[in-house]
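Input: a single structure, listed below in structure tokens.
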Amino acid sequence: MMRSFVFAISCLGLAACATHNPYQADSMGLDPAPPQAAHAVDYSAYPAPERQTQYQTWQWATPSIHGSLPHQSHSELELLVLERLDQQGLRPAQDASAEITVQLTIGQQQRLYQRQINPSVYYGEGIHRNRHYSRHGYSGVGIGADFPLNSESYRRTVTTFNLRLVDNQSGKGVWQGTGEVEGEQPTRQQIIEALNQALKGYQ
């Protein structure tokens, strides 16, 4: 009897599953995208960054050098600049088709510096064997003095070397760097180091 009852319940369950389901799946279409979304980003509105590595040839500006040094001629300075640019892959143009123009500006500045001064006075202690002193023989006499910190100012001359590179087609500057050396008459090696500093980071 129980087995017949279970069988009847199972049949009813299967019949219920076979009945029509009133809930039907239906896919709803998405709303159309707004008109402005149909257009990609306009990259032309943003100017591309200047790339120094695209340049291969250069020429001197007129004049090639602003300023001077008493112990270095312009031709000697031009040669030093040429050697530095050559290390960056830039070659002097053989005609008027140079891609960039180069100009060197030399200047001198008087800079004010300060340094701290801490004068002090000190006298050493004496060593004696006397009953009036300690059993170790030290009199304990000593003089020491520390004065407040003072500062003094001094000036130094600094020679600066500024290199400016300009695109010949656009007229825009593509690089500008400055190197400097202490002193009014830098040596040849110091000038080379200053020019290297002025071109540091050029790519």
Problem set entry | Breaking point among (1) modelled with pLDDT under 95; (2) under 21 Å from GLY179 (Cα atoms); (3) not in a loop (DSSP other than H, G, I, E, B), for GLY89 | (3)
For this session: Kindly indicate the residue of the stretch 80-107 that is surrounded by 14 or more Cβ atoms within 10 Å (Cβ to Cβ) and of a type in the set (S, T, N, Q) and also farthest from TRP60 (Cα to Cα) among those meeting that condition.
Result: GLN88
Problem set entry | In the stretch 44-80, residue modelled with the lowest pLDDT [restricted to those that are among the small types (Gly, Ala, Ser) and in a helix (DSSP H, G or I)] | SER44
Exercise. For residues in the stretch 149-203 being among the β-branched types (Val, Ile, Thr) and in a strand (DSSP E or B), which is surrounded by the most Cβ atoms within 10 Å (Cβ to Cβ)?
Worked result: THR159
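The values are calculated or read from the model by the stated rules, or taken from the named source; none is laboratory data. This one's a predicted model, so the numbers in the text were calculated from it and none came from an experiment. Neighbour counts run over all protein chains shown; Cβ positions are idealised from the backbone, glycine included.
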